[in-house]
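This report concerns only the one structure given below.
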Amino acid sequence: MEKLLKIAAANAEQADLYYTESSSDSIIFNDGKLEKADSSLSSGLSLRIIKNQRAGFAHTRNLLDPQALVKQSILSSENGVEAKYQLPHNVQAQEKVVYDPQVEQLDKNELIQKGNELIGYVKARTDAQFDLSMWYGIGKSGLKNTNGADLSRIGSSFGIFAQMVFPGTGSGLYTHQSGVSPCWISNEELDELIALYDVCQTQIVPPTGKMPVIFHPQSMHTLLWRVVEALNPANILSGISPLCNRQGQKIFSEKFTYRQNPEDTELSSATAFDDEGTPTRVLYFIENGVLKAIPMDLFYAKKLGKEPTGNGFRSGIESMPGTSVFNTIIDPGTKSLKEMIASIDHGLIVYSLMGAHSGNIVSGEYSVGVSSGLLIQNGKPIGRVKDCMLSGNIYDSLQNIVDIENVSHNMGGRKVPAMLLDGISVAGR
């Protein structure tokens, strides 16, 4: 790699080399039976060069000819995007500890045995289809550039997902755990899942109208996707984001705080630097409903005349860096999920949604089907809703926050609580 970077330095004004190594395993049970147990290894590197203020890019998984990789990146720079920014100089960053050596010591046969024990526990209490999957792995990555940056990181991850499937559908109720270290699903969580599944045997088409809706942490992605797209500096630069020129203004309810904390090592995406070598930082995007910050990579920081915030990440070696939020947290509120449910006379709790891509995402619109959800009457879930859709705009919905759950749940790369919103448009019968 040193040789490659020297060749790149001799042919361009600036260059950076990004490399990754990963190993992963997965175990999948379908309807209580072991379906597959896979392992995979991968590695690769990518080269970005800046020549004549244009960025060129090339990648490979087998570096046989460093000179050819440099030539390919130089060739791509001839029609590359404008790159008037400087790559970070002599970066010193104290890496976050997001690695647990226990993950490397896991025995697949022991995990299969534990999986069978969970399946046995559930099957002794219900005849529902029960699916279970586990995944775990180790990832290493690093960055070197011609300005003296030399950074590396190592991380571990573990996840487990359990679902009870509704007959004749691909949907159901599920629970999962994920993090840096091995984790498990408790019998108490499975008991709650079974009890909810029993309630779901009654199916109800809810009446059409506006009503309170609890978005379970598992379904919050639909709302957060629209917040993240509005924060994307590409949409700010093009002028299509509703957040253009609104820093310092109240956007959502004062109960809503959405932030990024690279120092929270309970989340697997914690890191001291981004994939461009810029040190990361704590950022409050929305604080008590007020827009505070926009995430920036090197490219958009230069374009918008701002400082980079350490949000330049790559989806893999095949891609150039782009702006991405990570290690995000919605601050918890004061009520438990049970208290939130008990407070509703007539409304819904939704666990999973279909068609999160529907509607104009950048403008905040959504129109989604309820895949798994329960109708609540007089503070109690009474049945599973069917033929039901939710619609609205996050700039209305997140103004009408009634309560936020008092726990933000670890979802792997983010922490999210349940959220009770009022006045959500529900289409049923």
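The values are calculated or read from the model by the stated rules, or taken from the named source; none is laboratory data. None of the values given here were measured: they were computed from a predicted structure. Cβ placement follows ideal geometry from the backbone for every residue including glycine, while neighbour counts extend to all protein chains displayed.
Numbers for the structure displayed
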item	result
Selection from region 277-289 of residues that are crowded, with 18+ Cβ neighbours inside 10 Å and farther than 26 Å from ASN145 by Cβ	PHE285, ILE286, GLY289
Residue match in region 43-63 (condition: surrounded by fewer than 16 Cβ atoms within 10 Å (Cβ to Cβ), closer than 30 Å to GLY305 by Cβ and out of contact with any strand residue (DSSP E or B) (no Cβ under 7 Å at 6 or more places or on another chain))	yes
Residue that is nearest to SER157 (Cα to Cα) [pool: residues in region 335-358 that are modelled with pLDDT of 95 or more and assigned to a loop (DSSP other than H, G, I, E, B)]	SER336
Search result, residues across region 375-388 that are of a type in the set (D, E, K, R), in contact (Cβ under 8 Å) with a residue 60 or more places away in the chain and not in a loop (DSSP other than H, G, I, E, B)	ARG384
Filtered residues of region 142-160 (kept if more than 15 Å from THR278 (Cβ to Cβ), in a strand (DSSP E or B) and either touching a residue at least 40 places away in the same chain (Cβ under 8 Å) or outside the structural domain of ILE50 (by TED's automatic domain parsing) (or both))	SER152, ILE154, GLY155, SER156, SER157, PHE158, GLY159
Exclusive hit being touching a Phe, Trp or Tyr at 6+ places or on another chain (Cβ under 9 Å) and at pLDDT 90 or above, set ALA83, ALA93	ALA83
Selected residue [at pLDDT below 95, part of a strand (DSSP E or B) and either in the same structural domain as PRO207 (by TED's automatic domain parsing) or more than 21 Å from LEU243 (Cβ to Cβ) (or both)] from SER391, SER371	SER371
Unmet requirement for GLN92, which otherwise passes all of (1) more than 30 Å from GLY305 (Cβ to Cβ); (2) loosely packed, with under 12 Cβ neighbours inside 10 Å	(1)
Hits in region 1-29 (condition: over 30 Å from ASN90 (Cα atoms) and either β-branched (Val, Ile, Thr) or at pLDDT below 95 (or both))	ILE27, ILE28
Test: residue in region 286-299 that is under 18 Å from the mean Cα position of the chain (by Cα) and either assigned to a strand (DSSP E or B) or in the same structural domain as SER22 (by TED's automatic domain parsing) (or both)	yes
Looking only at region 359-368, and only at residues there that are touching a strand residue (DSSP E or B) at 6+ places or on another chain (Cβ under 8 Å) and in a loop (DSSP other than H, G, I, E, B), the one that is modelled with the lowest pLDDT	GLY359
Conditions (1) in a strand (DSSP E or B); (2) out of contact with any Lys or Arg (no Cβ under 6 Å at 6 or more places or on another chain); (3) not polar (S, T, N, Q): number failed by GLY44	(2)
Hits in region 164-213 (condition: assigned to a strand (DSSP E or B), small (Gly, Ala, Ser) and exposed (fewer than 15 other Cβ atoms within 10 Å of the Cβ))	GLY209
